[in-house]
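A.B. asks: Dumping the structure here so I can ask a few things about it.
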Amino acid sequence: MRKIIERKKLKKIIEKLKSKGKKIVFANGCFDIIHVGHIRFLKAAKKKGDILIVGLNSDKSVRKIKGKGRPIINQKDRAFILSSFCFVDYVTIFSEKDVRKTLTLLRPTYHAKGTDYTKDTVPEKEIAKKYGIKIIIVGDKKRHSTRDLIKTIVEKYK
C-alpha cells in the first residue's frame, strides 16, 4: 500500500473509509528531525481513531514558519520517514502555512494538535467547527522541540 498520497486522491480514500464507519484522525506538522515528542503525539493521535493521516509541511512551508536554514531534512525524506511508522496510515504534503485548506478538502473526523495548543488556540478551530471536525489535544507535555535538538547538536559538535 502506498502511504504518501496527494491531497485530492486522499480525499476519495477518506470518503470511502468514512462510508465504512471509520474514524479519521488528521495530525500535522513539520516533523523536521523526528524526536520522542513527535512519536508520542502521533501514537496518541492514532489511538483516537481508526486511520491516522499526517499532514506534512512542504519545504517551502517550513521555511515560511521556521525561517532560514530549515528544514534540515527535505520533504521527500520526511514523508518517507513518517510513512515508515506502523501507526501512520497516510502522509500528505501541503504548502500552505497552516492546514485550513487541507482540512476543508479532507474533512477528517478529528483534527489532532499537540499539548502546546488548547482547543481555543488551534489556528484551524473555525474551519473545524464549520465542517464538524472535532479538535483533540494529544501527546505528552511539550518538552521537546526540533529547535532545541538542533541547538544541542550544534553545541556538542562545535
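We did not get these values from a lab; they are worked out from the coordinates using the rules stated. Given the structure is predicted, the values throughout are model-derived calculations rather than measurements. Note that each Cβ is placed from the backbone with ideal geometry, even for glycine, and that neighbours are counted across all protein chains shown.
A.B. asks: So for region 53-65 (the condition being within 26 Å of K141 (Cα to Cα), buried (at least 18 other Cβ atoms within 10 Å of the Cβ) and touching a His at 6+ places or on another chain (Cβ under 6 Å)), does at least one residue qualify?
C.D. replies: Keep residues of region 53-65 that are within 26 Å of K141 (Cα to Cα), which gives 53-58, 61-65.
Cutting the leftovers down to buried (at least 18 other Cβ atoms within 10 Å of the Cβ) gives us 53-58, 61-62.
Filter once more, keeping what is touching a His at 6+ places or on another chain (Cβ under 6 Å): none.
Checked region 53-65: no residue is within 26 Å of K141 (Cα to Cα), buried (at least 18 other Cβ atoms within 10 Å of the Cβ) and touching a His at 6+ places or on another chain (Cβ under 6 Å).
A.B. asks: May I pose another question? Of all residues in region 98-109, which are in contact with a strand residue (DSSP E or B) (Cβ under 8 Å, 6 or more places away or on another chain) and either hydroxyl-bearing (S, T, Y) or surrounded by fewer than 19 Cβ atoms within 10 Å (Cβ to Cβ) (or both)? Spell out how you get there, then give the answer.
C.D. replies: Step one: of region 98-109, the residues in contact with a strand residue (DSSP E or B) (Cβ under 8 Å, 6 or more places away or on another chain) are 99, 101-103, 106, 108-109.
Within region 98-109, K101, T102, T109 meet the criteria.
A.B. asks: Consider region 15-47. How many of its residues are more than 17 Å from C86 (Cβ to Cβ) and under 16 Å from the mean Cα position of the chain (by Cα)?
C.D. replies: 9
A.B. asks: I've got another one for you. Test R107 against the criterion of being more than 18 Å from G139 (Cβ to Cβ), touching a Gly at 6+ places or on another chain (Cβ under 9 Å) and either among the basic types (K, R) or free of Cβ contacts under 8 Å to residues at least 40 places away in the same chain (or both), and give yes or no.
C.D. replies: On the way: more than 18 Å from G139 (Cβ to Cβ): yes; touching a Gly at 6+ places or on another chain (Cβ under 9 Å): yes; either among the basic types (K, R) or free of Cβ contacts under 8 Å to residues at least 40 places away in the same chain (or both): yes.
Spelling it out, R107 is indeed more than 18 Å from G139 (Cβ to Cβ), touching a Gly at 6+ places or on another chain (Cβ under 9 Å) and either among the basic types (K, R) or free of Cβ contacts under 8 Å to residues at least 40 places away in the same chain (or both).
A.B. asks: Which residue pairs have Cβ atoms closer than 7 Å, lie 6 or more positions apart in sequence or on different chains, and pair a first residue in region 129-150 that is of a type in the set (G, A, S) with a second residue that is part of a helix (DSSP H, G or I) and surrounded by 13 or more Cβ atoms within 10 Å (Cβ to Cβ)?
C.D. replies: That search, which allows pairs on different chains as well, returns G139/G37; G139/R40; G139/F41; G139/A44.
A.B. asks: Residue check, A45 against (1) surrounded by 16 or more Cβ atoms within 10 Å (Cβ to Cβ); (2) of a type in the set (G, A, S); (3) without any contact (Cβ under 8 Å) to a residue 12 or more places away in the chain, all met but one. Which one?
C.D. replies: A45 satisfies all of (1) surrounded by 16 or more Cβ atoms within 10 Å (Cβ to Cβ); (2) of a type in the set (G, A, S); (3) without any contact (Cβ under 8 Å) to a residue 12 or more places away in the chain except (3).
A.B. asks: Can you tell me which residue among I133, I72 is hydrophobic (A, V, I, L, M, F, W, C) and over 23 Å from I24 (Cβ atoms)?
C.D. replies: Working: I133 fails: over 23 Å from I24 (Cβ atoms).
On inspection, the qualifying residue turns out to be I72.
A.B. asks: With the requirement that a residue be among the charged types (D, E, K, R), within 15 Å of the chain's Cα centre (by Cα) and either in a strand (DSSP E or B) or crowded, with 17+ Cβ neighbours inside 10 Å (or both), what does region 110-139 give you? First the steps, then the outcome.
C.D. replies: Initial filter on region 110-139 (among the charged types (D, E, K, R)): 113, 116, 119-120, 124-126, 129-130, 134.
Of the ones still in play, those that are also within 15 Å of the chain's Cα centre (by Cα) are 113, 116, 124.
Scanning region 110-139 gives K113, E124.
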